[in-house]
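Asks: Quick one: this structure, given as structure tokens, is what I'll be asking you about.
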Amino acid sequence: MSRPSHILVTGGAGFVGSHAAEFYAERGAKVTVYDNMSRVSSLETADETRNTASFNRDYLEENYPEISFIDGDVRNRKRLFDVVEGHDAIVHTAGQVAVTASLNDPHYDFQVNAEGTFNILDAASAAESDPAVVFASTNKVYGDNVNEIPVKEVNSRYWYDSPEYNDGIPESLSIDDCEHTPYGVSKLAGDLYVQDYAARNEVDAAAFRMSCIYGPRQFGNEDQGWVAHFAISAKRDEPITVFGDGKQVRDVLYVTDLIDAYDSFLSDPTNKPAVFNMGGGPENTTSLLELLEILGENHGWEADVTYDEWREGDQKVYVSDISRAKEHLNWKPKVDFNEGVERYAEWLSTIE
Ligand SMILES: NC(=O)c1ccc[n+]([C@@H]2O[C@H](COP(=O)([O-])OP(=O)(O)OC[C@H]3O[C@@H](n4cnc5c(N)ncnc54)[C@H](O)[C@@H]3O)[C@@H](O)[C@H]2O)c1
């Protein structure tokens with residue numbers, strides 16, 4: 001078991017990718033960030049402070065001048081084949097990240113998430129440096145099957161009404177015979193290619209089906225990154241629309257815990273499963289209303305909330321069963337939700 005020393009981080013100027021780049025740069029590894037800096041265009045309300053990619057890129061350049069930056073697109077196969085060679089690990093986070101945008105432009109979503117992930121795996125398999133790959137997949141690959149699980153209402157939240165799911169959703173939940181979204185499908189295609197390349201021993205690779213990840217340098221909006229979106233909006237006295245009744249529950253994972261899990265896989269990828277559900281698990285859950293309450297009580301950030309219709313396909317409860325990751329990656333979340341929100345709020349106060 002040894003930690004990789006030459007890491008390529010696609011989407012490294014994004015929220016998750018910049019934390020991966022920082023983690024490895026801190027540990028003396030050679031890091032290459034490959035990002036097309038497109039994040040800003042996915043934010044219709046973008047302004048200077050919400051330009052995630054340039055903010056995170058500036059942060060990395062200031063603090064880790066030894067990181068190399070390549071302005072590149074994962075749709076560019078030829079470029080990737082050149083860039084991947086020489087790296088012994090790839091953290092693949094570049095992606096079209098929002099369900100809403102995927103509905104507006106499913107072809108672009110397909111090209112970036114499905115084909116882009118295929119390109120990464122193909123380039124990794126061709127490279128003589130034999131890089132292991134982790135792919136930032138999503139719990140959305142389960143589509144509407146997660147909504148087949150009965151739920152009950154308990155005070156300010158919903159919860160599973162079936163003891164079978166007390167530990168959350170396992171990797172064995174079916175991905176078939178249900179509605180998906182273009183985003184869910186394009187990510188699932190990437191996820192299946194990861195499994196295929198791993199099963200054929202072409203690449204040591206794993207798909208991490210991530211629930212809500214949050215932490216410093218995340219600029220959420222209504223479409224993606226809701227913990228950050230709620231905190232930023234509440235702090236700025238900007239209105240928040242809650243779709244549904246706000247009792248929907250998610251497990252949430254602090255970003256550095258996610259990177260620890262990636263690192264555990266990349267440092268010892270042989271004979272590991274190719275799929276992991278990844279989130280805070282049953283011990284780190286919150287409903288939307290509960291987060292709003294914490295922001296108000298602990299920080300005086302009282303949100304101006306209006307309620308709207310449920311969004312189609314929205315999950316009343318999604319909690320990851322993280323038993324497999326605990327067992328095979330010798331990993332568990334270290335930062336609990338309350339501590340994580342404190343850290344996020346602290347960071348937010350330093351930038352505004
Ligand atoms: N943050 C979460 O809660 C969460 C949950 C599940 C899955 N994911 C997945 O994790 C990954 C990272 O998410 P994030 O929150 O850091 O998003 P992010 O938008 O902050 O980062 C994505 C980065 O990818 C870059 N990018 C987009 N298209 C690209 C392309 N074609 N070529 C090269 N670079 C490109 C963007 O410029 C951006 O810097 C995404 O793939 C997302 O789908 C995130």
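Asks: Can you name the number of the only condition in (1) buried (at least 23 other Cβ atoms within 10 Å of the Cβ); (2) at pLDDT 95 or above that Thr256 fails?
Replies: With (1) buried (at least 23 other Cβ atoms within 10 Å of the Cβ); (2) at pLDDT 95 or above applied to Thr256, the lone miss is (1).
Asks: Let me ask something additional. Name the single residue, out of those in the stretch 174-204 being over 19 Å from Ala136 (Cβ atoms) and either modelled with pLDDT of 95 or more or among the small types (Gly, Ala, Ser) (or both), that is farthest from the ligand (Cβ to nearest atom).
Replies: Per the stated criteria, the residue is Asn201.
Here's the yes/no breakdown for (1) of a type in the set (Asp, Glu); (2) within 30 Å of Asn201 (Cβ to Cβ); (3) surrounded by 16 or more Cβ atoms within 10 Å (Cβ to Cβ); (4) within 20 Å of the chain's Cα centre (by Cα):
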{"position": "Asn104", "(1), (2), (3), (4)": "no, no, no, no"}
{"position": "His107", "(1), (2), (3), (4)": "no, no, no, no"}
{"position": "Gln111", "(1), (2), (3), (4)": "no, yes, yes, yes"}
{"position": "Phe118", "(1), (2), (3), (4)": "no, yes, yes, yes"}
{"position": "Asp130", "(1), (2), (3), (4)": "yes, yes, no, no"}
{"position": "Val133", "(1), (2), (3), (4)": "no, yes, yes, yes"}
{"position": "Val141", "(1), (2), (3), (4)": "no, yes, yes, yes"}
{"position": "Trp159", "(1), (2), (3), (4)": "no, no, yes, no"}
{"position": "Pro163", "(1), (2), (3), (4)": "no, no, no, no"}
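Asks: Counting only residues that are surrounded by 24 or more Cβ atoms within 10 Å (Cβ to Cβ) and of a type in the set (D, E, K, R), which one in the stretch 183-230 is nearest to Ala124 (Cα to Cα)?
Replies: Here the residue is Asp191.
Asks: Sticking with this one: Looking at the stretch 260-316, what strands (runs of 3 or more DSSP E) fall wholly within it and have at least 3 residues that are touching a Pro at 6+ places or on another chain (Cβ under 8 Å)?
Replies: 304-308
Asks: Output the residues belonging to the stretch 83-101 that are at pLDDT below 95 and part of a helix (DSSP H, G or I).
Replies: Scanning the stretch 83-101 gives Val99, Thr100, Ala101.
Asks: Please go through the stretch 72-82 and give me each residue that is within 11 Å of the ligand (Cβ to nearest atom), outside any loop (DSSP other than H, G, I, E, B) and surrounded by fewer than 20 Cβ atoms within 10 Å (Cβ to Cβ), ordered by number.
Replies: The answer is Arg79, and nothing else.
Asks: From Leu258, Leu173, Leu188, Leu253, which residue is within 16 Å of the chain's Cα centre (by Cα), farther than 26 Å from Leu60 by Cβ and of a type in the set (A, V, I, L, M, F, W, C)?
Replies: Leu188
Asks: Sort out for me the strands (runs of 3 or more DSSP E) sitting completely within the stretch 118-216 that have 1 or more residues that are in contact with a Leu (Cβ under 7 Å, 6 or more places away or on another chain).
Replies: Once the strands (runs of 3 or more DSSP E) in the stretch 118-216 are filtered for at least 1 residues that are in contact with a Leu (Cβ under 7 Å, 6 or more places away or on another chain), what remains is 132-138, 205-210, 212-214.
Asks: Residues being within 20 Å of Leu188 (Cα to Cα) and of a type outside the set (Asp, Glu): count how many of those fall in the stretch 161-175.
Replies: Final tally of qualifying residues: 7.
Asks: Kindly list the number of the only condition in (1) in contact (Cβ under 8 Å) with a residue 40 or more places away in the chain; (2) surrounded by fewer than 20 Cβ atoms within 10 Å (Cβ to Cβ) that fails for Glu346.
Replies: If we test Glu346 against (1) in contact (Cβ under 8 Å) with a residue 40 or more places away in the chain; (2) surrounded by fewer than 20 Cβ atoms within 10 Å (Cβ to Cβ), just (1) comes out false.
The values are calculated or read from the model by the stated rules, or taken from the named source; none is laboratory data. Remember, it's a predicted structure, so these values are computed and weren't measured experimentally. Don't worry about glycine lacking a Cβ; one is built from the backbone with ideal geometry, like all the others, and counts go over all protein chains shown.
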